[in-house]
Each structure stands twice: as structure tokens, then as C-alpha cells.
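> Let me give you the structure first, and then I'll get to my questions.
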Amino acid sequence: MAGRTSSRDSREGTYVPEGIADEFTQGEPGEQANGAPSSSEGKQKPDRPNAPALGLVGTLRWMWRQLTSMRVALMLLMLLAVAAVPGSVLPQRNQDAAGVIEYLADHPTAGEWLDKAGFFDVYSSVWFSAIYILLFVSLVGCILPRSMAHYRALRGRPPRVPSRFNRFPAKASATTDASPEEAADAVAAGLRGKISWLPMFRVDRGEEAARGARPASATVSAERGYLRETGNLVFHLALVGLLVSVATGQLLHYRGQAIVTEGRGFANAVVDYDTFEKGSWFRPESLVPFSMTLDNFESEFASDTVAFAQARDFTAHVTVTEPSGAQRPETIKVNHPLVVDGAKIYLQGNGFAPEITVHDADGEVAFSGRVTFIPEDTMYTSRGVVKVPDVSPGLDQIGLVGYFLPTAEVNADGSARSAFPQPVDPLLVLEVYTGDLGLDDGSPQNVYELDTASLTPAVDESGERIKVLARPGETVELPDGLGTLTLGEDLPRYVALDLRHDPSLAFVLVFALLALAGLTVSLFTPRRRVWARAYVGQDGATVVEVAGLARGDDAGLQAEVDRALAAVPGGVVASGGETRPAAVVEAAAEDEPVQTSVVEPVETRSEKD
């Protein structure tokens, strides 16, 4: 207290801790804390502490520590999830180029800014890649030092036996006729477990010299729970593996969709797919040059009243031609893809593609081909578009839009619908438009949509739009002398195939399972330490004391201590003034673990040493 009061001096109640120099106290240069002139004249003293500057190396070290902290890693993971949202909400250029053009046309101002910021190429943008790489570096920087620390901990030994057991939350004692060495060996064997190559505890068996009133002792130090940190590291390593696998898959993957009608096929080339998306590292020459022909498509629907018109089965019978020229028949079903050279071909959809021929007013064939009609309901009411731009000179282009009904029911008001998915009574219902289809200006168009804004519909005298009805094998006149339309006798089916190749899928599955396993081990592996001491008591019997410590609340800790003590041969457990055989304690510990209130882990004297 004398030193503390002397540090106050006569500074008018201002307290200055002992050992703090005057230059680190507030005040004007050259003055003491109470405003009196400084005894060191001519010396300029700062008015506040001078903290050392970090410098370039210190700043970089601080930034690295922040980046590799778990807090920043979680923030980056959440930021990556948020950054992926625009990729799901907005059309992406590599998947839907027409959708991007349409969005830019509908939102000229916002679309321009979004395009400059890379929101139409989210997953290849600079900012998304930066978040991805920072997350990867953060995880690696977090894992490496923890792995080295865990490796050193694995090579270390359990902490030495504390001098006093009475302050531990879980403890028990027993007496036995066995020698201290035999009792300690039995406890060590019980802690190791029955499987030698997979011990439950890492055990050290030692000796302790006499200390005070306590004679020489045989000791046991045991520790378990290192798998907890191992599982944690496996989880983080699996996350890194997932990041690498997903990134590799995005760079190397490719996916193509093609609509194939019966009797026709396609080749595994970029130009043969209706839509094709690929990763940045994909090369067209990497495609295996196989081809496939759709021989037949079979569909089965329920006809009973309970599950009327419900789909039962879809089967596409195809012939695959290998690059060597060898052919083999295959089948593709829903959820049963065909695997060809590492790529999976899925059956995504099906429908009707009737043969339609249009003659213009001069009798010339203006259009002839199979037209794909897309089903809109379970009865296969299918909508399609026929664009006829190649008419004779001087004639208006023709656009036809309408429905194909496999089993048509025509109502009294002229409306029609399909009553069953199979072609029992097929009917083609089309509306006719004339004008400029907009195909000559080079702008991409959806083949399944007809822009009627600049077209003129064909109407009757009352102003109602004229509908052209055609059945298989029929030829009907188009209104206003535009020509004729012929519907083919046969009704070919089509299938929508989806080919996917992603070399990272197997790795993604493996790392996902590893992450789940590591997380499970990390969450459910208890971290425990158990110590035992055996010595000869005053009555000549061997006294065995066991204590345990856990990280956090562990309801099974006392049961673990009791099981360790139960391994003592012929032991009698002392518990609150009542003595019980060790075998009884072991059975009770296995049936109903004792609930204990666990105090915070304390540092034992041996740990300090």
C-alpha cells in the first residue's frame, strides 16, 4: 500500500498506477499529470502512449489471421450462398441466352447495370470467383495449423496424475487385496478396452514416489476424445474437397438437350443438340463421337376409373452406334438413364410430333416436316407452332398456332379438349396468322412461341378467329385462300433427352459422406481424462482412487469413472459412507449413468509442470 500511495504524490487526487512512467500519462509536454512543470527540463514528452506501428509485415500477418479465422470462414460461406441467389433468379447467358436478351429488352436500364455487374454470368463473374477463392483459402489456412497442432497432440502423452482428486467432478475410490501394481494394471487394461488395435483410451502407466503422508503409488493416466478433433478436421477437409470438386465439375462439365422423333437420331456433337451448356475448360473435341437413333417409344396409361389416365410406364427403345461402328440396342426409362462413355442420357419428356405439310396459294410446298407439340396437361393437350416463312414471292408469310388433341372431345360451343393421353381420336386445331414472322432480321426466336403482335389473324364475317381442324390423313383449306394444310397419316412420337457429363459427381458424393461422418464424430465423441492412483493404505489394504474430467457438461463421466474402478480385482467401492462390491457398481453404471454437475476444467499441478 505504501508504494501505491506514494505513486499518487501530490497530483491532486489523480491516480497513476505504480510502474507507469510519466511520459505515458496524459498531460502537456513538459508537465506532470497535475500540471506542474516536469523535472526533466528540455525533454519533450508525449501526451499519450506511443503504440508501435504494425508495418507491412505486421499488417499482412493481421490480415492473414483474420482471413483464416472461423468467424470469417462462416461469413464467406454465408456470403457465397447469398451471391448464388442471382444465378437462380435471373436468366444466365450460358443457359438461356434468349432469356437474357428478353430481360434486357424488358428492363433496359436495370438490365444494363446488371449486365455490367455480371449478374447474367454469376458463376463465372469476378466477384463470385473472388468469394469462392477466399473461402477456399480461409478453410485451408484454418485447417493447416490445426492439423499440425492435432498431430503434435496425437504424438503427446496424457497429462500426469494430479496430486489431489477431491476437487474433480467425478471421482470414486475402492480398496482391494491386490497389490497397487496389479490394481493399476487392471484399471489401465479396462480403460484400453478389449480391442487392442482400437483402444478406447490412450493410457500411460507410471509410478509415483512417496509424497508427504502418501506412500509410493502406481498411477494411470488416460485420455480419450482426440477423434473429436479428427472428425472436425475431416469435416473441414471434406468441405475443401467439395469446393474443389464442384469447381472442377463446373469447369469440365457439359450438358445437352435434344428432341428426337421416332426413326431419327442425333450425333454426340455440339451442333446436334437443341441447347448445350458447358464449362470453361470444356473442349468440343473431347466429346465421344457416338450416335443414337430412336427406334420406338412406348407409353402406358391407366384406363381404370380409379387411376384414369395416370402414367404407368415410358420406354424409349434406341440403337447406340459406337465410334467403332458397332451397334447395340438399349432402352431408356424414367429414372433409369442410359450411360454412354461416362455420360448419362435421361428421358426427360415425350409427346407427339405429327407430320404437317403446307402449300401456299401458288400450290408450292412452303413447309413440310414434323412439328413438336408440347403437352400442357396429363391428357396430353399439346401446344405447337408452325412458322411458314418460305412462301412464294409476293405472298404473306404464314403462322399457325394451336393444339394437338390425342383423344379429342369437341363441345357444342366449338371448344375442344383431350380426354385421354393415347391417340384414340386425334385432332389438330390451329389458328392462322399472316404477316412478317420476323425471322429475316436475325434475332433469335423461340420455336415454340409465335409473336402475334405484328401479325394479322384470319377471322370470319363476325370477327371471330377461324380455327382449322384436321385429322390424320386429311387435307384442309386455309382461310383467305392462303393454301392448304395436310396432316400426315402417322403420328410419330418424340422424346426429350438430356445428356449430362460431370466428372466430379463421384467426388462430390464421397466428400459429402466424409463431411457427414466427420461432423457426426465431432459432435458425439466425448473428450474425457481419467486418472487413477493405487497405494497401500494404513490398514495394509491397497487403496485405489479414480477421478475424471471432461470438457463441458458430460453426464456419462461418473459412469466412466465407475467402470474404470470396476476393473479392480476384488475391489470394494467406497461411496458416501456406503461400501459396495465393484461388480455391483459396474452393473449400475451400465444401466443408469450417474448425473453429475461438472465444474469448469481446472488445470492440475502436473499440467502446470
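The values are calculated or read from the model by the stated rules, or taken from the named source; none is laboratory data. Here the structure is a predicted model, which means the values were calculated and not measured. Note that we place each Cβ from the backbone using ideal geometry, even for glycine, and neighbour counts take in every protein chain shown. Just the protein is used for accessible areas: all its heavy atoms, side chains included, with ligands, DNA and RNA removed. Shrake-Rupley method; radii C 1.70, N 1.55, O 1.52, S 1.80 Å.
> Let me know the number of lysine pairs in the chain closer than 24 Å at the Cα, not counting same-chain pairs under 8 apart.
Details: Lys116/Lys278; Lys171/Lys194; Lys171/Lys608; Lys278/Lys344; Lys333/Lys344; Lys387/Lys467.
Lysine pairs satisfying the spacing and distance rule in the chain number 6.
> Same structure again: Output the 0 to 90 degree angle, nearest 10, between the alpha-carbon long axis of helix 505-524 and the longest principal axis computed from the alpha carbons of the chain.
30 degrees
> Need the C-alpha centroid separation for region 447-495 versus region 298-348, integer Å.
Spelled out, the Cα-based centre of one part sits 32 Å from the other.
> Hey, what number do you get for the chain at 222 nm if only DSSP H runs of n ≥ 4 count, each worth -39500 (n - 2.57), divided across all residues, to the nearest 500?
Working: 13 runs with 170 residues, N = 609.
The helix contribution divided over the chain gives -9000 deg cm²/dmol.
> Asp377 label point, 7 Å along Cα→Cβ, cut-off 18 Å on backbone N: hits in region 321-357?
From region 321-357, the list is 351-352.
> Still on this model: Just add up the charged neighbours of Tyr254: K/R +1, D/E -1, any other residue whose Cβ is under 9 Å from the Cβ of Tyr254. Walk me through the numbers before you get to the answer.
Values: positive: Arg255, Lys278, Arg500; negative: Glu277, Asp502.
Net local charge, Tyr254 excluded: +1.
> For region 448-504, what does the relative contact order come out to in percent, with C-alpha contacts under 8 Å and a separation of six or more? Don't skip to the end; give the middle numbers.
Numbers: 42 pairs, mean separation 11.8, N = 57.
With pairs under 8 Å counted, the relative contact order is 21 percent.
> Could you tally the net charge around Pro215, taking each other residue with its Cβ under 15 Å from the Cβ of Pro215, Lys/Arg +1 and Asp/Glu -1?
Values: positive: Arg211, Arg214, Arg533; negative: Glu181, Glu207, Glu208, Asp539, Glu545.
That works out to -2.
> Once you place label points 7 Å from the Cα toward the Cβ at Val246 and Trp62, how far apart are they in nm?
3.3 nm
> What residues have an amide H closer than 5 Å to that of Arg264, excluding those fewer than 5 places away on the same chain, when H is modeled at 1.01 Å from N in the peptide plane?
Those qualifying (amide H under 5 Å, at least 5 residues apart or on another chain) are Leu294.
> Counting alpha carbon pairs within less than 8 Å and at least 6 residues apart, what relative contact order, in whole percent, applies to region 144-285?
Details: 129 pairs, mean separation 24.8, N = 142.
For region 144-285, the relative contact order is 17 percent.
> Could you give the length gained on full extension between Asp304 and Ala213, defined as 0.36 nm per residue of separation minus the Cα-Cα distance, in nm?
On the way: separation 91, 0.36 × 91 = 32.76 nm, distance 9.29 nm.
Stretched fully, the Asp304-Ala213 segment lengthens by 23.5 nm.
> Scan (1) 1.03; (2) 1.50; (3) 1.64 for the value of Cα Rg over 2.2 N^0.38 Å calculated from this model and give just the label.
Evaluating Cα Rg over 2.2 N^0.38 Å on these atoms matches (3).
> Using a Förster distance of 51 Å, how high is the FRET efficiency between Val126 and Thr357, based on the Cβ-Cβ distance and rounded to 0.05?
0.45
> A further question follows. If you keep only loop residues by DSSP, which trypsin sites (Lys or Arg not before Pro) in region 145-202 have at most 12 other Cβ atoms within 10 Å of their Cβ? Don't skip to the answer; put the middle values down first.
Working: sites: Arg146, Arg152, Arg155, Arg160, Arg164, Arg167, Lys171, Arg192, Lys194, Arg202; in loops: Arg160, Arg164, Arg167, Lys194.
Listed in order of number, the matching sites are Arg164, Arg167, Lys194.
> Next up: Does anyone have the angle between helix 55-67 and the longest principal axis of the chain? Alpha-carbon axes, 0 to 90°, nearest 10?
Approximately 70 degrees, to the nearest 10.
> For the chain, calculate the relative contact order in percent as a whole number, restricting contacts to Cα pairs under 8 Å that are 6 or more residues apart.
Working: 1160 pairs, mean separation 101.9, N = 609.
Relative contact order for the chain comes out at 17 percent.
> Enumerate the calculated ³J(HN,Hα) couplings along region 88-96 in order (Karplus 6.51 cos²θ - 1.76 cosθ + 1.60, θ = phi - 60°), each rounded to whole Hz, writing x wherever the residue is Gly or Pro.
8, 8, 8, x, 9, 5, 7, 10, 9
> Of the chain, which part is the longest with no GluC sites (Glu not before Pro) in a loop (DSSP not H, G, I, E, B) and with at most 15 other C-beta atoms within 10 angstrom? Each step should come with its number before you reach the end.
Details: sites that count: Glu12, Glu18, Glu41, Glu364, Glu376, Glu449, Glu461, Glu464, Glu474, Glu489, Glu603.
Here the longest run is 42-363.
> Points 7 angstrom from Cα along the Cβ direction at Trp197 and Ser286: gap in nanometres?
That separation, rounded to one decimal, is 4.0 nm.
> Still on this structure, I have one more. Take the alpha carbon atoms of region 549-565, find their center, do the same for region 398-441, and report the distance between the two centers in whole angstrom.
Comparing the Cα centres of region 549-565 and region 398-441, I get a distance of 77 Å.
> Let's test the formula: R0 of 41 Å, r as the Cβ-Cβ distance of Arg417 and Ser88. What FRET efficiency results, to the nearest 0.05?
Computed FRET efficiency for Arg417 and Ser88: 0.70.
> A follow-up question, please. Give me the percent of the accessible area of the chain that comes from carbon and sulfur atoms, probe 1.4 Å, all protein chains in place. Intermediate results must be reported in sequence, preceding the final value.
Values: 19000 of 34100 Å².
The nonpolar share, carbon plus sulfur, comes to 56 percent.
> Sticking with this structure for a sec: On a 0 to 90 degree scale, rounded to 10, what angle separates helix 226-252 from the longest Cα axis of the chain?
Value to nearest ten degrees: 20.
> From the phi angles alone, apply the Karplus equation (6.51, -1.76, 1.60; θ = phi - 60°) to region 529-543 and give each ³J(HN,Hα) in whole Hz, x where the residue is Gly or Pro.
Working through the residues one at a time gives 10, 10, 10, 9, 9, 10, 8, 7, x, 5, 8, x, 7, 7, 9 Hz.
> Let me ask another. Karplus couplings for region 191-205 from phi (6.51 cos²θ - 1.76 cosθ + 1.60, θ = phi - 60°), rounded to Hz, Gly and Pro as x?
6, 5, x, 8, 9, 5, 7, 9, x, 6, 10, 8, 10, 10, 9
> Right, another one. Quick one: which residues, 5+ away or cross-chain, put their amide H under 5 Å from the amide H of Gly206? H built at 1.01 Å from N.
Residues meeting the amide H criterion: Thr219, Val220, Ser221.
> Fully extended, how many nm does the chain gain between Arg465 and Asp539 (0.36 nm per residue separation, minus their Cα-Cα distance)?
Values: separation 74, 0.36 × 74 = 26.64 nm, distance 11.38 nm.
Full-extension gain reported as 15.3 nm.
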